[in-house]
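Engineer: Mind having a look at this structure? Questions to follow.
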Amino acid sequence: MAAFQQRRSIIKGDEVGPCYSCGTTVAFGGVKDQGFVFCNKQCHVRKAHFLRDIAAVPDRDATAEAQRIKAGRCHHCGKNGGVDIHRSVFVWSAILITRTQENKLIGCSGCARKKQALDTLGTVALGWWGIPFGLILTPLGLLMNLGQMISSSTKEQPSKYLTQYARERLARSAPRS
């Protein structure tokens, strides 16, 4: 399993982000279905069958799978329990260009805090150099990382992102009819 997954497979509910099908950034418009964002109708049609499969997974099954994943072993350090999807933001700027990247880690809170700390340090070093957005987005990224670091260690239940990931995982493994 990849250490960090871009928001591609676990973005339900986000209004802006990568197309669920091809990964192209969708800033405005696009097609929205069941909380997922697509860049155009062709991408939507390409994933329509999978959206039906996701919707068919019962909530109790998705919750049970999320709890099983949460109780499992971290793929990064091998620690048992506390696995969830943890978020972090990295902001970098260069004069007139400012880029943000949201990362999601499937792992324990200790591994997540390490990645969140690295993204925070990188943002402190590289985020401020863009005018005007670097000066705006850098403090927001730092606050988000700080909030995620604090909340990562206090969650007893699986996050909504882990439950959605579990739902998608079950939909992928379901036999096709």
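Engineer: Would you tally the residues in the stretch 131-177 being closer than 15 Å to residue 83 by Cα and of a type in the set (Gly, Ala, Ser)? Steps first, answer last, please.
Structural biologist: Filtering the stretch 131-177 down to residues closer than 15 Å to residue 83 by Cα leaves 148-149, 151-166.
In the following step, the residues that additionally are of a type in the set (Gly, Ala, Ser) were identified as 151-153, 159, 166.
Residues meeting the conditions: 5.
Engineer: A further question on this structure: Look through 110, 82 and report the one residue that is surrounded by fewer than 21 Cβ atoms within 10 Å (Cβ to Cβ) and either among the aliphatic types (A, V, I, L, M) or part of a helix (DSSP H, G or I) (or both). Step through it out loud before you land on a result.
Structural biologist: On the way: 82 fails: either among the aliphatic types (A, V, I, L, M) or part of a helix (DSSP H, G or I) (or both).
The conditions single out 110.
Engineer: Could you pull out the residue among 77, 22 that is within 30 Å of residue 124 (Cα to Cα) and either outside any loop (DSSP other than H, G, I, E, B) or free of Cβ contacts under 8 Å to residues at least 40 places away in the same chain (or both)?
Structural biologist: Answer to the selection: 77.
Engineer: If you don't mind, there's one more thing I want to ask. For residue 105, state whether it is buried (at least 22 other Cβ atoms within 10 Å of the Cβ) and of a type in the set (A, V, I, L, M, F, W, C).
Structural biologist: yes
Engineer: Right, another one. Restricting attention to the stretch 53-73, does a residue exist that is under 18 Å from residue 149 (Cα atoms) and in contact with a helix residue (DSSP H, G or I) (Cβ under 8 Å, 6 or more places away or on another chain)?
Structural biologist: Yes, the stretch 53-73 contains at least one residue that is under 18 Å from residue 149 (Cα atoms) and in contact with a helix residue (DSSP H, G or I) (Cβ under 8 Å, 6 or more places away or on another chain).
Engineer: Taking the stretch 97-113, which residues are within 15 Å of residue 83 (Cα to Cα) and in contact (Cβ under 8 Å) with a residue 60 or more places away in the chain?
Structural biologist: Residues satisfying the conditions are 104, 105, 106, 107.
Engineer: Give the number of residues within the stretch 114-159 that are of a type in the set (D, E, K, R), part of a helix (DSSP H, G or I), touching a residue at least 24 places away in the same chain (Cβ under 8 Å) and surrounded by fewer than 19 Cβ atoms within 10 Å (Cβ to Cβ).
Structural biologist: 0
Engineer: Between a first residue in the stretch 44-68 that is within 18 Å of residue 159 (Cα to Cα) and a second residue that is basic (Lys, Arg) and surrounded by 15 or more Cβ atoms within 10 Å (Cβ to Cβ), which pairs have beta carbons less than 7 Å apart while being 6 or more apart in sequence or on different chains?
Structural biologist: 54/167; 57/167; 62/167; 65/169
A quick yes/no check of all residues on (1) assigned to a helix (DSSP H, G or I); (2) assigned by TED's automatic domain parsing to the domain that holds residue 151; (3) surrounded by 18 or more Cβ atoms within 10 Å (Cβ to Cβ):
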| residue | (1), (2), (3) |
| --- | --- |
| 28 | no, no, no |
| 43 | yes, no, yes |
| 63 | yes, yes, no |
| 68 | yes, yes, no |
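The values are calculated or read from the model by the stated rules, or taken from the named source; none is laboratory data. From a predicted model like this one, the values you see are computed outputs, not experimental measurements. When we count neighbours, we look across all protein chains shown, and the Cβ atoms used for this are built from the backbone with ideal geometry, even at glycine.
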